[in-house]
Amino acid sequence: MKILLVEDDREAAAYLVKGLTESGHSVEHAANGPDGLHLALTGSYDVLILDRLLPGLDGLSLLSALRAANDATPVLFLSALGEVDDRVAGLRAGGDDYLVKPYAFSELLARLEGLDRRVRQETASSRLEVADLVLDRDRHRVTRAGQTIRLQPREMRLLEYLMRHAGKVVTRTMLLEQVWDYHFDPQTNVIDVHISRLRAKIDRDYDPPLLHTVRGAGYRLGVTEE
């Protein structure tokens, strides 16, 4: 992987650069927010490691600017700010993962590899089909029985994940981590609300129903219930 590390702590940065390089990755380092944003916008990286507290431009503002420029490079926040509200803020700002300091280098490496693997899997196939339901990622279009179904971005991401796991039970934890990027349960009904909205759009006017609730386990997308 080609990695951009934005970290103002020299000792921590040197440790990460050394460890990641020895693990076979290419690493560029920026010690402040403005330099990090410049490198992120002008370079090409597989993953960004981003500290929350940076001189010149904080991590959340840097990421907001990056996402506003339509840069979808996966971002792993690495921060001493570990309260639930801090993690939620990082993820809602567009972060893909959040690791709290202190951390084990092996876990950091595993999370980076997971982000890279997920992106590669998501780009491997642009057209997904389950029965007469079709999702075309390139065109950002969903149809069922040839009829266009309009989905919100989060609904699209939820449907894509369910379609990539068609026929299998998908748990709430899997959805929280892969669709909402929460590595903890925020104790909300966000999943239930989105599942309900998605079911109304893809099933209400069509037969047979495809989105099923598996009581006590999660959800499954497929033609028939088990």
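Could you order T224, T73 by accessible surface area, starting with the largest, using a probe radius of 1.4 Å?
Values: T224 95, T73 25 Å².
Final ranking, largest accessible area leading: T224, T73.
Please label the shape of the stretch 64-146 as rounded, prolate or oblate, based on the square roots a ≥ b ≥ c of the eigenvalues of the alpha-carbon gyration tensor (a/c under 1.5 means rounded; beyond that, a/b larger than b/c means prolate, else oblate).
Details: a/c = 2.69, a/b = 2.04, b/c = 1.32.
Cα axes put the stretch 64-146 in the prolate bin.
Can you find, among A68, Q178, H165, the residue farthest towards the positive end of the dipole of the stretch 62-192? Put +1 on the C-beta of Lys and Arg, -1 on that of Asp and Glu.
Toward the positive end, the furthest listed residue is H165.
Tell me, rounded to the nearest percent, the portion of alpha carbon pairs in the stretch 123-171 spaced more than 18 Å apart.
Numbers: 265 of 1176 pairs.
Every Cα pair in the stretch 123-171 considered, those over 18 Å come to 23 percent.
What distance in nm separates the simple spin-label points at A80 and V119, each placed 7 Å from Cα in the Cβ direction?
It works out to 2.9 nm between the two label points.
Provide Rg and Dmax in Å for the stretch 1-156, with only Cα atoms included in the calculation.
17.6, 58
Give me the percent of Cα-Cα pairs in the stretch 1-80 that sit more than 22 Å apart, rounded to a whole number. All intermediate terms of the calculation are to be shown ahead of the outcome.
Values: 438 of 3160 pairs.
Here the long-distance tail beyond 22 Å is 14 percent of all Cα pairs in the stretch 1-80.
Provide the solvent-accessible area of L60, counting protein heavy atoms only and rolling a 1.4 Å probe, rounded to the nearest 10 Å².
L60 exposes around 40 Å² with every protein chain in place.
Using the alpha-carbon centroid of each, what span in Å lies between the stretch 1-79 and the stretch 97-172?
Using only Cα atoms to place each centre, the spacing works out to 24 Å.
Could you give the size of the charge dipole of the chain about its Cα centre, using +1 on the Cβ of each K and R and -1 on the Cβ of each D and E, expressed in debye and rounded to the nearest 20?
Values: 29 positive and 35 negative charges, 174 e Å.
Roughly 840 debye for the chain.
Please give me the summed charge of the neighbours of E11: other residues whose Cβ is under 14 Å from its Cβ, Lys and Arg +1, Asp and Glu -1. Please report the intermediate quantities before stating the final value.
Numbers: positive: R10, K18, K101; negative: E7, D8, D9, D51.
Residues close to E11 contribute a combined charge of -1.
Rank these residues by their accessible area, most exposed first, probe 1.4 Å: F105, F77. Intermediate values should be presented prior to the final figure.
Details: F105 45, F77 0 Å².
Descending order: F105, F77.
Helix 59-68 versus the longest principal axis of the chain: what is the Cα-based angle in degrees, 0 to 90, to the nearest 10?
50 degrees
Where does the charge balance sit around R52 when Lys and Arg score +1, Asp and Glu -1, over other residues with C-beta under 11 Å from its C-beta?
On the way: positive: R87, K101; negative: E7, D8, D51, D58, D86.
So the surrounding residues net to -3.
Can you list residues from other chains, or at least 5 along the same chain, whose modelled amide H is less than 5 Å from the amide H of V27?
Here I3 satisfy the definition.
Give the cross-link partners of K101 among the lysines, using a straight C-alpha distance below 19 Å as the criterion and excluding same-chain residues fewer than 8 apart.
Straight-line reach from K101, under 19 Å: K18.
Mean-square fluctuation check for the chain, GNM, Cα pairs under 10 Å: which of E177, E11, E113 is largest?
E11
Ordering T171, T148 by accessible area with a probe of 1.4 Å, largest first, what comes out?
On the way: T171 50, T148 75 Å².
From most exposed to least exposed: T148, T171.
The values are calculated or read from the model by the stated rules, or taken from the named source; none is laboratory data. Being a predicted model, the structure only gives us computed values, none of them experimental. Heads up, the Cβs are rebuilt from the backbone with ideal geometry, glycines too, and the neighbour counts pull from every protein chain shown. Note: accessible area is taken over every heavy atom of the protein model, side chains too, but ligands, DNA and RNA are not part of it. Shrake-Rupley method; radii C 1.70, N 1.55, O 1.52, S 1.80 Å.
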